Structure formats: C-alpha cells, structure tokens
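Peer 1: Next up is a structure, given as structure tokens.
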Amino acid sequence: MNNLLKLATITISGAFSLANLAFFSNSVRAENQFDVCLRELTASGVTIEDAQTGCADALVPRELSSCVTNISQSTSISAKDALTSCYQVRRPVDLGNCVVSINNTVLTASNKNTQAKVEGDNSQSPLMMALSTCQASLLPARQSECVIALSRTPQASNPVKAMETCLSAEDFPKDLFPSYN
C-alpha cells in the first residue's frame, strides 16, 4: 500500500510539473520584450510597420515602448512624434519622464503660456519644445528638474525661456568663466 501511494504521488507530481512547465514556458514567451514593445506601441496608435521597425532596431525595446506610451498617454503629443523622439535618445525612459514632468508641472500649471508659440525659424508649441529640449539634453531628468525649478521662481513667467536656459546650461557656462577656452 505504501508503494502504491508513493507511485501515485510521483505520478501526480510529475503531471503537475509538466503542466507548470508548459504554462510557464508560454508565459515567458508572452513576456518577450519585443512582444511587449509591439503591443504597447500599436496600442498607443503607432502603425504596425513603424512599431515593427522601432522595436526591431531598439537597443531595449521595452524602454522604447514605455517612453512612447508615457508621452502619448500623458500629453497631447502624437504617438508617432513620441516614437521618433524616443527612438533617437540613449535614455528613452528619462525622455518620457522629462516631457511628462514639464507638461504636468509647468505647462498645464500656466495655461496662458501653453498657447504661445516659440519664436524663431521653427515655430512650435511649448509642449513640442519640451519634447525637443528633453531629447536634446544629455540628461533629461536634470533638464526637467531645472525647468521646473526655474519656472517656480517669481520672475520666471515663461516656461519656454526656462527650457532654453536649462538646455544651454549643459554646455560650459562661458558667461561665468569667459577666460575658459
């Protein structure tokens, strides 16, 4: 009787192990970073062709799709514009966080400034400028923190000026050190 009980236990345990192995191998396949990237990009509104190209070329596909999803869901920037910018940076998650932070903290807080256009050759909204400056920054997290802080000062009423100032500050400040070559 003992032997029969042991044999039944081993048989049942083996069946459950095989079932678990099959279940977990399917779930691992479903969590492939390229699958996740494609699913998230297409859900954000990116065409399947652009999603396939972006995910295939991305160094870390999950970071690319996370960036696009974050920007397109939290701002009025299209998923296609977000994909272009997220694809062109080394830190896509930081880029997404930078744009969303500036939008939520600075641009939506001062609605009068969000309607203004940036002057110059390429007129763009402050939100698109936030995307551009975060993309141009080597450290997007620093860029957003700087823009938010500068926009909180009583004298700062223009978030566009804050974005320009913070981006230009990443270069060596020649105004402070004019003799430095």
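Peer 1: Restricting attention to the stretch 56-74, which residues are open to solvent by 30 Å² or more (accessible area, probe 1.4 Å) and in a helix (DSSP H, G or I)?
Peer 2: Hits for the stretch 56-74 are A56, D57, R62, E63, S66, N70, Q73, S74.
Peer 1: Can you name the number of the only condition in (1) in a helix (DSSP H, G or I); (2) touching a residue at least 24 places away in the same chain (Cβ under 8 Å); (3) not basic (K, R) that I77 fails?
Peer 2: (1)
Peer 1: If I filter the stretch 101-114 for residues that are closer than 30 Å to C37 by Cβ, open to solvent by 50 Å² or more (accessible area, probe 1.4 Å) and modelled with pLDDT under 90, do I get at least one hit?
Peer 2: yes
Peer 1: Right, something else. Provide a single number: the residues in the stretch 45-55 that are open to solvent by less than 30 Å² (accessible area, probe 1.4 Å) and part of a helix (DSSP H, G or I).
Peer 2: Residues flagged as open to solvent by less than 30 Å² (accessible area, probe 1.4 Å) and part of a helix (DSSP H, G or I) within the stretch 45-55 amount to 3.
Peer 1: For the stretch 83-97, which positions are in a helix (DSSP H, G or I) and closer than 15 Å to R142 by Cα?
Peer 2: Those that are in a helix (DSSP H, G or I) and closer than 15 Å to R142 by Cα: P92, V93, D94, L95, G96, N97.
Peer 1: Check A82 against each of (1) open to solvent by less than 50 Å² (accessible area, probe 1.4 Å); (2) modelled with pLDDT under 95 and name the one condition it does not meet.
Peer 2: For A82, the failing item is (2).
The values are calculated or read from the model by the stated rules, or taken from the named source; none is laboratory data. Note that the structure is a prediction, hence the values are computed from the model and not measured. Cβ sites come from the backbone with ideal geometry, for glycine too, and all protein chains shown count toward neighbours. These accessible areas exclude ligands, DNA and RNA; they are computed on the full protein's heavy atoms, side chains included. Shrake-Rupley method; radii C 1.70, N 1.55, O 1.52, S 1.80 Å.
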